[in-house]
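Q: I'd like to ask some things about the structure below.
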Amino acid sequence: MSNTARKHTALPKAQILIEALPWLTRHNGKTVVVKFGGNAMIDEELKAAFAQDIVFLHHAGLKPVVVHGGGPQISAALDRHGIVSEFKAGLRVTTEDAMDVVRMVLAGQVQRELVGLLNEHGPLAVGMTGEDAHTITATKHQPEIDGELVDIGRVGEITAIDTGAIEALLADGRIPVVSSIARSQDDHHVYNVNADTAAAALAAALGAETLMVLTDVEGLYEDWPNSDEVISRLTASELEKLLPELASGMVPKMEGCLHAVRGGVNTARVIDGRVQHSILLEIFTDEGIGTMVVPDEEQGDAE
C-alpha cells in the first residue's frame, strides 16, 4: 500500500477523535456516575463493551463511578435457595434470609465480575458496597399501597451518603464499583436499596457532572405505547409532571434522574444499554442517544 493510500484510510479515525475533542475538554476531570443494569449486565459482549467504555472514560480524564444492582442474578440465586421472589410496589420483598442472598450475589458475584472485567485493562477498579466507610446509610422503607404502609422487609430508604471512601479512590486514580447495599442507621443489619436510587443519591452527593442510567429501552417515550418517539431532552419540572404516567420500571430511574438534577448534577441521562458503547456515544458525540434531564433554570440554554 502506498503512503498516500495509507494516509487516507487512517483519516476517518483522526476525524472521529477530533469530533470528540470539545467533549473531552468539557468533561475533563469531571465525575460521572454510571448505573449498570439491564441487558448490559447479562449479555457477555455488552458487559465487555461496558467495561471498555468505563476504562475509556477513565483514560480520557473523567472520573467514572459505577453503581450496580442485580435483579436477575438475585432472582436466580433465590430460586436456587428455594426462596420465593415477591414484589410489592415494584420493590423486592426482602426477608432476613433473602437479604443474605442479596448481599452475597451483589457483593460476591455481580460486583466481582465487573471488577474483573474492568481490571483486565489495568489495576483500576475497586469494589465496595454502601456498607464500606458508611458510604450509604438507610432506614427501613415502607411503601404505601392503597393508603396503607406495607412491610417489605430489609428494603432501605437512603438517609445519608458519605462520599469519603469514593473520593479517596478517585483521587488515587481508581474506578469505584459500588453495590447497592446500605448500612442501617438504627440496627446492626444491612438494607437492600434500589440501585437507581443509590446511583442518583451518590451522583448528587459527589457533585457529579452527569448521572447515566443504563436501561433496556431507548429512553423515555413521548406517548408510549402509541408511539416509539423518544423524548431526547426535558427539564426537571417537565419530568415531574410525567412521573405519575410512567411504567413502574421506569419510575425509580426517572425519579433518580430528577433527584440528581435537583441535587446539583448538571445532566441525568437514561440510555439504552442494549447498544454497544452507548456510553461513549452519549458522552463524546453530538448524536446523543436516550433521554437527557436538565435542571429547570437551563431551559433556554443549548446543552
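Q: When only C-alpha pairs under 8 Å and at least 6 residues apart count, what is the relative contact order of the range 161-303, in percent? Walk me through the numbers on the way to the answer.
A: Numbers: 217 pairs, mean separation 37.6, N = 143.
Computed value for the range 161-303: 26 percent relative contact order.
Q: What angle do you read, to the nearest 10 degrees and between 0 and 90, between the alpha-carbon axis of helix 250-262 and the longest principal axis of the chain?
A: 70
Q: What order do you get for 138-148, 35-45 when each peptide is scored by the mean count of other beta carbon atoms within 10 Å, highest first?
A: Details: 138-148: 13.5, 35-45: 19.4.
Ranked from most to least packed, the peptides come out as 35-45, 138-148.
Q: Okay, moving on. Anyone know which of V293, V270, V251 comes out most mobile in the 10 Å Cα GNM of the chain?
A: V251
Q: Additional query: How large is the dipole of the chain about the Cα centre if only Lys and Arg carry +1 and Asp and Glu carry -1, each at its Cβ, rounded to the nearest 20 debye?
A: Working: 23 positive and 45 negative charges, 258 e Å.
Dipole about the Cα centre, nearest 20: 1240 debye.
Q: Also, quick follow-up: For T139 and L242, what does the FRET efficiency come to when R0 = 25 Å and r is the distance between their Cβ atoms, rounded to the nearest 0.05? Write out the running numbers ahead of the final one.
A: Working: r = 29 Å, r/R0 = 1.15.
Computed FRET efficiency for T139 and L242 comes out at 0.30.
Q: Calculate how many DSSP beta bridges within the chain are antiparallel, expressed in % of all such bridges and rounded to the nearest 5.
A: Numbers: 17 of 48 bridges.
About 35 percent, rounded to the nearest 5.
Q: Mind checking which lysines have their C-alpha under 26 Å from K241, skipping anything on the same chain fewer than 8 residues away?
A: The reachable lysines, counting only those whose Cα sits under 26 Å from K241, are K35, K88, K253.
Q: Counting helices only, and only those DSSP H runs with n ≥ 4, report the 222 nm mean residue ellipticity of the chain as the sum of -39,500 (n - 2.57) divided by its residues, in deg cm²/dmol to the nearest 500. All intermediate terms of the calculation are to be shown ahead of the outcome.
A: Numbers: 11 runs with 116 residues, N = 303.
Here the helix-only value at 222 nm equals -11500 deg cm²/dmol.
Q: Moving on. Just one of (i) 20.8, 66; (ii) 19.8, 76; (iii) 23.0, 74 is Rg and Dmax of the Cα atoms in Å calculated from these coordinates, so which is it?
A: (ii)
Q: Taking only Cα atoms, what is the 0 to 90° angle, nearest 10, from helix 3-19's long axis to the longest principal axis of the chain?
A: With rounding to tens, the tilt is 40 degrees.
Q: In Å², and per residue, what accessible area does the chain have when probed at 1.4 Å with the other protein chains present? Working shown, then result.
A: On the way: 14380 Å² over 303 residues.
Result: 47 Å² per residue.
Q: Please give me the summed charge of the neighbours of R103: other residues whose Cβ is under 10 Å from its Cβ, Lys and Arg +1, Asp and Glu -1. List each step's numbers first, then the result.
A: Numbers: positive: R154; negative: D100, E131.
Its environment carries a net charge of -1.
Q: In whole percent, and with a 1.4 Å probe on the protein chains, what portion of the accessible area of the range 239-303 is carbon and sulfur? Could you put the intermediate results ahead of the total?
A: Details: 1530 of 3050 Å².
Within the range 239-303, the accessible surface is 50 percent carbon and sulfur.
The values are calculated or read from the model by the stated rules, or taken from the named source; none is laboratory data. What you see is a predicted model; the values in this text were computed from it and never measured. A quick note on method: Cβ atoms are made from the backbone with ideal geometry, for glycine too, and the neighbour counts reach across all protein chains shown. Areas reflect the complete protein model, heavy atoms only, side chains present, ligands, DNA and RNA absent. Shrake-Rupley method; radii C 1.70, N 1.55, O 1.52, S 1.80 Å.
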